[in-house]
Amino acid sequence: MQVAPLRVENLSVTYQGGEVLSCINCEALCGDYIGIVGPNGSGKTTLLRAALGLLPVASGRVLLFGQEPASFNEWGRVGYLPQRLSQMDSRFPASVEEIVTSGLLAARAYPKRVNASDRDRVAATLEELGIGSLARCMIGRLSGGQQQRVLLARALVHGPELLFLDEPITALDPVMRETFYSILEKINKERKTTILFVSHDPGAMGKYAGKLLYLDKKVMFFGTFDEFCHSGDMARHFGAGQHLICHRHG
């Protein structure tokens, strides 16, 4: 039996004396594409950071491929694209190629050397994301959309089986958002990469993700988009808004 890439059991997280997440239970199976949605302050980013072992948990546990983050040592199986708050300074001294290569080296023990196979993998990843021609460009001189593709390439270059994305499209225009979604959809289907995508927009996630996890400090809903649209609990929570979400993206 294949071990789930991510399993969350009765997880609670506190911050400054207040409970941010309460008794969270969910599981991401191999090849799942899960949209994590909810209002501001609902604990979406907290869940990702706790899953990666970046935050202490008050109770419960997280398992990455069957192991708790503190003892997990196969980080090459995991990719992470954190929230991006602003565009990089134009003087940032690194090329696109160097940024993406760092994604390969981060998961390696010392000495961290780059070989011909690594360079081929970086080039192939850049081509896959449509930014091969930017390899020698300084990342700080790129547009916001191009920079975000570079950072996605960095998260993908080592071939992770589990990919965490924390609101990666916030600063992108509508056309670039669709491109970004299409890239992720292809990665999920062709590579069978398990994806957890934090978003504030349940409708957009309904269009692309196979499952929705709706958080508001606790799990309000976890299931398919069709189940979301027929959920009485969600109808009571959203009112007429549920119909608008489902009609627009169903």
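The values are calculated or read from the model by the stated rules, or taken from the named source; none is laboratory data. Being a predicted model, the structure only gives us computed values, none of them experimental. Glycine also receives a Cβ, built like all others from the backbone with ideal geometry; neighbour counts cover every protein chain displayed.
Worth pointing out:
- Residues that are basic (Lys, Arg) and out of contact with any Gly (no Cβ under 8 Å at 6 or more places or on another chain) within the range 136-165 comprise ARG136, ARG141, listed in sequence order.
- Residue within the range 200-223 that is in a helix (DSSP H, G or I), among the acidic types (Asp, Glu) and surrounded by fewer than 20 Cβ atoms within 10 Å (Cβ to Cβ) present: no
- Residue in the range 188-197 that is touching a residue at least 40 places away in the same chain (Cβ under 8 Å), surrounded by fewer than 16 Cβ atoms within 10 Å (Cβ to Cβ) and either over 22 Å from SER102 (Cα atoms) or touching a Ser or Thr at 6+ places or on another chain (Cβ under 6 Å) (or both) present: yes
- Residues in the range 166-181 that are aliphatic (A, V, I, L, M) and assigned to a loop (DSSP other than H, G, I, E, B): ILE169, ALA171, LEU172.
- GLU167 being within 20 Å of LEU48 (Cβ to Cβ) and acidic (Asp, Glu): yes
- In the range 117-134, the residue that is farthest from ILE169 (Cα to Cα) out of those that are buried (at least 18 other Cβ atoms within 10 Å of the Cβ), modelled with pLDDT of 90 or more and among the hydrophobic types (A, V, I, L, M, F, W, C) is VAL122.
- Residues of the range 24-44 that turn out to be modelled with pLDDT under 95 and either more than 18 Å from the chain's Cα centre (by Cα) or surrounded by fewer than 18 Cβ atoms within 10 Å (Cβ to Cβ) (or both), as a count: 3
- Search result, residues across the range 135-169 that are in contact with a strand residue (DSSP E or B) (Cβ under 8 Å, 6 or more places away or on another chain) and surrounded by fewer than 15 Cβ atoms within 10 Å (Cβ to Cβ): ARG136
- Residue check, GLU178 at pLDDT 90 or above and acidic (Asp, Glu): no
- Test: residue in the range 45-58 that is in a strand (DSSP E or B) and either over 17 Å from LYS217 (Cβ atoms) or touching a residue at least 12 places away in the same chain (Cβ under 8 Å) (or both): no
- Pairs meeting the criteria (first residue in the range 1-12 and under 12 Å from GLY31 (Cβ atoms), second residue in a loop (DSSP other than H, G, I, E, B), beta carbons under 7 Å, at least 6 apart or on different chains) are GLN2/CYS30; ALA4/LEU29; PRO5/CYS30; PRO5/PHE65; PRO5/GLU161.
- Set side by side, the residues LEU184, LEU163 differ, and just one is outside any helix (DSSP H, G or I) and within 30 Å of ASP118 (Cα to Cα), which is LEU163.
- Residue check for LEU64: surrounded by 18 or more Cβ atoms within 10 Å (Cβ to Cβ), within 24 Å of PRO160 (Cα to Cα) and touching a helix residue (DSSP H, G or I) at 6+ places or on another chain (Cβ under 8 Å): yes
- Residues considered: THR170, THR179. Of these, the only one that is β-branched (Val, Ile, Thr) and touching a residue at least 60 places away in the same chain (Cβ under 8 Å) is THR170.
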